[in-house]
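The values are calculated or read from the model by the stated rules, or taken from the named source; none is laboratory data. Please read these numbers as outputs of a predicted model, since none were measured by experiment. Here the Cβ positions follow ideal geometry from the backbone for every residue, glycine too, while neighbour counts run over all protein chains shown.
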Amino acid sequence: MQAIQFTAPKEIRMIDLDEPAAPGPGEALVRAHRMGICGTDLACYLGKFPFFAYPRTPGHELGLEVVAVAPDVTHVKPGDKCSLEPYVNDAASPTSQKGKPNCCPGVQVIGVHNNGGLRRGVFAVPARKLHPGNDLSYDQLALVETLAIGYHAVQRGNPQPGETVLVIGAGPIGLACLEFLKLMDVTTIVMDMVQGRLDFCREKLGIHHTIAFQPDGSHLAALEALTDGKLADVVIDATGSPKSMSTCFDFAAFAGRVVYVGITTSDLGFPHAPVFHRRELTLLASRNAMPEDFERIIGLIRAGKIDTDAWITHRLAFDDVARDFGKFTDPALGAIKAIIEIR
């Protein structure tokens, strides 16, 4: 079958991969119809993602069709439409046994640690990682994983009714956080460097409080004005920027929580005594998502609580990936979410 392979930074080629003849125990054979392009894919393409090695076929945000299942698989069947939970954990590990499969030490992310779904034809996945949504479109199913990352980050921050939550970074993960904050009794504020993204948040997501990051630091004064000087009870940094992640504590209220959902390979430093210690802040990491997050999100989309149509601003045909994928690394393109149409 034809597949897309990242062979080196900024190098893509079309290759042939073998198709499995039958699913093994606990497996399903699936066919990808849609793939969402996320920041991880772009970082992998650019050679900037810490867990990616070349050559590799990307693709972890997937809307899938089940083609065949092993005899021991009962929760999905051929013909089902599914979203993929791409984090393949060791179910017997102590971390998984503690209910944290998302950060199992041996977790392998499909499309990052091993070959993903950007291919024509069938491939095998652990059936336990499939979440059916037969009444959703493949576009919607391909967006569930991105939404799950944001949902998990919000859950880590644990906003309480009446609190103020600041999301830094209005890329796909930040937008995913906003989708769930909209459904909560909290005051939501989003900050970004790109005015077009802030406009999208206001016009498409209904987020009224937006702050443009300013090189002179005046964005802090803007946050103080919005919060009567109290700052944010929860700060979610979705930028992956070392500078932002080192300075975002300035935006946190006394006894606030800071959540890192963005990823960086850089060492981070921040003011301890005057800010972190004085305000008794809590710092939390948010990695991947939980199985139940996928079920929750599919239900919210089904109920009309999340409108995914506004997210999809660009589409790319499978045959054009090698030529055009690099365009999506340019912020000037204005892409919120691009979908690759595989079938």
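Quick one: in region 185-218, of everything that is outside any loop (DSSP other than H, G, I, E, B) and β-branched (Val, Ile, Thr), which residue is surrounded by the fewest Cβ atoms within 10 Å (Cβ to Cβ)? Filtering region 185-218 for residues that are outside any loop (DSSP other than H, G, I, E, B) and β-branched (Val, Ile, Thr), the one surrounded by the fewest Cβ atoms within 10 Å (Cβ to Cβ) comes out as THR187. Annotation for region 196-203: at least one member residue is under 24 Å from ARG296 (Cα atoms), of a type in the set (A, V, I, L, M, F, W, C) and touching a helix residue (DSSP H, G or I) at 6+ places or on another chain (Cβ under 8 Å).
Quick check on VAL125: is it closer than 24 Å to PRO23 by Cα and either of a type in the set (A, V, I, L, M) or not assigned by TED's automatic domain parsing to the domain that holds PHE180 (or both)? Taking the combined requirement at face value, the residue satisfies it. Of the candidates LEU333, LEU284, LEU268, the single residue that is within 26 Å of VAL107 (Cα to Cα) and free of Cβ contacts under 8 Å to residues at least 40 places away in the same chain is LEU268. For the structure I just gave you, tell me whether ASP324 is within 22 Å of ILE12 (Cβ to Cβ), without any contact (Cβ under 8 Å) to a residue 12 or more places away in the chain and either surrounded by fewer than 15 Cβ atoms within 10 Å (Cβ to Cβ) or assigned by TED's automatic domain parsing to the domain that holds GLY99 (or both). So ASP324 fits the description; yes. Within the bounds of region 219-239, is there any residue that is over 27 Å from ASN102 (Cβ atoms), at pLDDT below 95 and surrounded by fewer than 13 Cβ atoms within 10 Å (Cβ to Cβ)? For region 219-239, residues over 27 Å from ASN102 (Cβ atoms), at pLDDT below 95 and surrounded by fewer than 13 Cβ atoms within 10 Å (Cβ to Cβ): absent.
When the residues of region 142-184 are filtered to those that are touching a Lys or Arg at 6+ places or on another chain (Cβ under 6 Å) and over 12 Å from VAL235 (Cα atoms), the one that is surrounded by the most Cβ atoms within 10 Å (Cβ to Cβ) is ALA142. Out of all the residues in region 22-36, is one or more without any contact (Cβ under 8 Å) to a residue 40 or more places away in the chain and either surrounded by fewer than 23 Cβ atoms within 10 Å (Cβ to Cβ) or within 22 Å of TRP311 (Cα to Cα) (or both)? No. So, LEU283, is that one surrounded by fewer than 20 Cβ atoms within 10 Å (Cβ to Cβ) and of a type in the set (A, V, I, L, M, F, W, C) or not? It is true that LEU283 is surrounded by fewer than 20 Cβ atoms within 10 Å (Cβ to Cβ) and of a type in the set (A, V, I, L, M, F, W, C).
Of all the numbered requirements in (1) without any contact (Cβ under 8 Å) to a residue 24 or more places away in the chain; (2) assigned by TED's automatic domain parsing to the domain that holds VAL30; (3) of a type outside the set (S, T, N, Q), GLY299 misses one, and that requirement is (2). Taking the criterion of being in contact with a strand residue (DSSP E or B) (Cβ under 9 Å, 6 or more places away or on another chain) and among the aliphatic types (A, V, I, L, M), the residues of region 311-342 that qualify are ILE312, LEU316, ALA317, VAL321, ALA322, LEU333, ALA335, ILE336, ALA338, ILE339, ILE340, ILE342.
Looking at this structure, is VAL165 free of Cβ contacts under 8 Å to residues at least 60 places away in the same chain and more than 12 Å from the chain's Cα centre (by Cα)?
Spelling it out, it is not the case that VAL165 is free of Cβ contacts under 8 Å to residues at least 60 places away in the same chain and more than 12 Å from the chain's Cα centre (by Cα).
Residues of region 101-129 that are free of Cβ contacts under 8 Å to residues at least 40 places away in the same chain and surrounded by fewer than 20 Cβ atoms within 10 Å (Cβ to Cβ): PRO105, GLY106, GLN108. Looking at GLY162, GLY121, just one residue is touching an Asp or Glu at 6+ places or on another chain (Cβ under 6 Å) and at positive phi, and that residue is GLY121.
Taking the listed residues GLY47, GLY79, GLY59, GLY63, the one that is surrounded by 13 or more Cβ atoms within 10 Å (Cβ to Cβ) and closer than 14 Å to HIS131 by Cα is GLY63, with no other qualifying.
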